[in-house]
1. Normalised by the number of residues in segment B:452-621, what is the relative contact order in percent for Cα pairs under 8 Å and 6+ residues apart?
2. Using a basic spin-label model with each label point 7 Å from the Cα along Cα→Cβ, how many nm lie between residue B:557 and residue A:188?
3. Could you put A:199, A:90 in order, starting from the residue whose Cβ has the fewest other Cβ atoms within 10 Å?
4. Which FRET efficiency, nearest 0.05, do residue B:452 and residue B:392 yield, Cβ-Cβ r, R0 45 Å?
5. How long, wide and thick is segment B:9-277, going by the Cα atoms along their three principal axes, in whole angstroms, largest first?
6. Where both residues lie in segment B:9-277, what percent of DSSP beta bridges are antiparallel, nearest 5?
7. Given contacts defined as C-alpha pairs under 8 Å and at least six residues apart, what's the relative contact order of chain A, whole-number percent?
8. For peptide A:602-608, what's the mean number of Cβ atoms from other chains within 10 Å of each residue's Cβ?
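No lab work stands behind these numbers, since they all come straight from the coordinates. These figures come from a predicted structure and were not determined experimentally. So basically every Cβ, Gly included, is an ideal-geometry build from the backbone, and we count neighbours across all protein chains shown.
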């Protein structure tokens, strides 16, 4: 819920005798755009045969009635509802095809930003329509197509007083799912969701959040009158709008005005919209990055830039947690050793520009403990900063070591080894490999902060991400490479098919006889409603020390922490899921001397191929 | 069944004390290669823990015992059966992983042409194995991997005396299907099918014909003794071998020799193999083109070459049928008009090098009918041939017209319009468009030969074709283009999931008020057993005249006619089918002023996207 832009609410008009006047009236009532029939039904014509074949005269109003920029920005065109290109009757069908092509061509001519049409029924009743729309989209189509879908199957409402239980009513999400699948997820195809009086289950509403809902259509009959006599929405509908505000939806108001002025509806929606805005640190940080795919950082291979350090040092939670963990570790070491040590040796490996050194020094002060800190950093530019801080502020409590931690030969053993090498998926920036190497400098009873971390993984439906991954084309690469690469992404337009589950766990120090950071785990997820699997979202939870944690796993997310976005593992082919299905995911972490990578594969509900074999598309370099 | 190469039969050895001697003995007994264990089980070692950890000494026999070319050509290596990389026990699993990698690496070192391993159980029990094999295949693997699959689930045989009905026994085809799906259909992965005593249903056997079966493993216990005391196979097993001979399989004989000499088995198999060879005109013509993808001809846009004319003029059936049709048409015209006409006007449109002119002249002679033939041809090189024939042989009975039939202005009206513009899919070389243009020169009661044609379409499983389509990479094109293009192909390695059904029908002359060659049909196919859909095979059947037909639709195929191979329409994503599923296929023929093309889409059992929207990947140029 990070929107910052003003509300955009259009007014639906069923009849437009004078377009210019109607537009003026709507904008005077504060509406941002209007929806109008492209062709008046009275002008309906037939091509193959029928009474109105060869009707003379113009098809519809001329383009001259508005200036181009008004056509471009203020008008959504409605396709005539009498068009039925899937009619059984061959003449009716061919006629409808001609009419539809004519209306689509008119919309192009006028330069409309969008057209809208209403879907009635599932794909088996609309496949020719989908084919024609898809053909239009595949060719040079410059407008969006808003497919109107009712939130509730009208049949269900009609049946509600009878024996609803016994009759299977198709969920309208299936209508959309079929239609966009035939249209191969075209980006210009979006949903205009018609909000119903009785809202569906919250799980069903959530599923829409994984779809490209661009618009909510609000019938005026949804509004109730408050004590002051103004139109307002019920609590349930307010919550619905809040949910969708996250997706930056627009609105269309439809139906007869029942108040002194139509402006009152707009005023209320504008008020609601402004109230949907949350403006915490995470939202400020993430703004503009919603569902934007980023390649994971490889800080081991690449040196971070000053700006990157600066951004992450601003996290309001992370270093507070580290400091608390160090305090606790110092206390426990002293308790355990029974006598307070003169001086504790603390190593900060991957010290960056020093935030963890600062946390260690603060912790020492709080516990009144003498310490010696080794700040080890491989990036010479960051070392420059560390040396300045050491000279100006830290003095001989801190020793700056300009060295890759894996090559370093420490002069003494540490009591506490502190690092922040975690990626969005926990181990994906090779924290295990780095710490395994450095732990030889840790005393037998020494403490690693973090002392363990676990990755989490969960199945996700997101048309948006699926499309983004498909778009990531790189001329030099095989097109499947995009589907075998994880992405760091601020997930918004998605639906969680099932709760994330813990995947790989690592502990430090690792006292195994033969250290093996290869992993293989199988996870099973239950599917609670029909949906589509597009990939898996990944998270981590780390125990810094004792009960002090950092987490980006949604159910335990550290409040206000913004240092990590989730990670997203796509799959090559989306999978249609049915309620009651199980998703069985196989996940491997694999290592060789130079690289670490993940491979993944689904074996249920249908078998897929291995993603990223041998790390052919994505590896993390050691 | 077009094989021409000699039999290749290997001998399976379970223990090989002296490799050089064993190889000599096997080749002396006429066997073409041998299968040997890569490592003796006594040399088994453990890596993680266990009694044989760090066993000293060599792993197995040295490479020096054979020369390189023998290793390369005569040896198939068997992976140790104690390897279980999917074991629940973590140590056993890791140990197995190391051992498997070691054996695979040894096979590479020796330069073997192939290795073999036995699959026991479904993919859920073998996914880590599949992952490791796939990793090997994706990397630089230079050998084939023959996956041994029993034709019958051993569990089924074990259960056969009990209540088999109540226990669902997984079909072993599922084992293979899961395994190769995880391995993403790698071309180096092939099947070595272990032939069972009791053979499965013929439908199940046919399904294997759609898979890359490279080898049949024949246990010696399959053989029975004939009257002369020699080993032979039962009738049912002979039929099985005939079926697979079409796929050019090799054999492996396994088990104890029960006759005076092991050579006797080989002699019998060699005899069987030679009897599998059929050598008719279709086989001779098609040899070397089995499952080879060709782009359909576009004779309307491109001129054919002399060689192409020559090949198709040799068809032993086609012109006989045409001649019979012309005879029948002449007779019927005369019957209908009651008085015999002095001279019938016959137009051959697309006369090529004249075979249909010849057929018309023959027919006239047989019916004792005077005729005048216009031979219209657009290819100037073929016109050259026609003019020579006209000058030398035909005289003024024939008038050669060097002109595209669509631009021609005929000097008179024809009684019979003869053409051969059909493609593998009937209308796919634009016969409808061409004949619609020319029919203005046909008398009202004139006859078109052909007078109608119908395309047929049926669902097909073929790993081979799926892989071939994937391989057709064109750097300049989007990789999906291959999946939106039909191919002409001599289908061999395939399984027909259901019988082909009629799709689009065209009649000539077309007397509709508005001629419309667009088409849209929906076909439903029943799935009789679990299988995978890779695409659709297309055929045609034409009625030349009366009851005289040309057909490549399998159930009515004109005997010995070789002018057309079937057409294959791939689909972008293969679909796992279950017994009882319905396949619903939507097929469009679409036309504009310049092009004709097909679009296709599946809506059941799962919804797919439209193939070839707007003809973006493939069109037929007018």
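1. Values: 357 pairs, mean separation 47.0, N = 170.
Taking the mean separation of contacting Cα pairs over the length of segment B:452-621, I get 28 percent.
2. With each label point 7 Å from Cα toward Cβ, the separation is 4.5 nm.
3. Values: A:199 16, A:90 11.
Ordered from fewest to most neighbouring Cβ atoms within 10 Å, A:199, A:90 come out as A:90, A:199.
4. Values: r = 36 Å, r/R0 = 0.79.
Here the calculated transfer efficiency is 0.80.
5. Here the spans come out as 56, 49, 34 Å, largest first.
6. Working: 2 of 36 bridges.
Bridges in segment B:9-277 that DSSP calls antiparallel: roughly 5 percent.
7. Values: 1166 pairs, mean separation 69.8, N = 622.
In percent, rounded to a whole number, it is 11.
8. Details: counts 1, 8, 2, 1, 5, 13, 3.
That works out to 5 on average.
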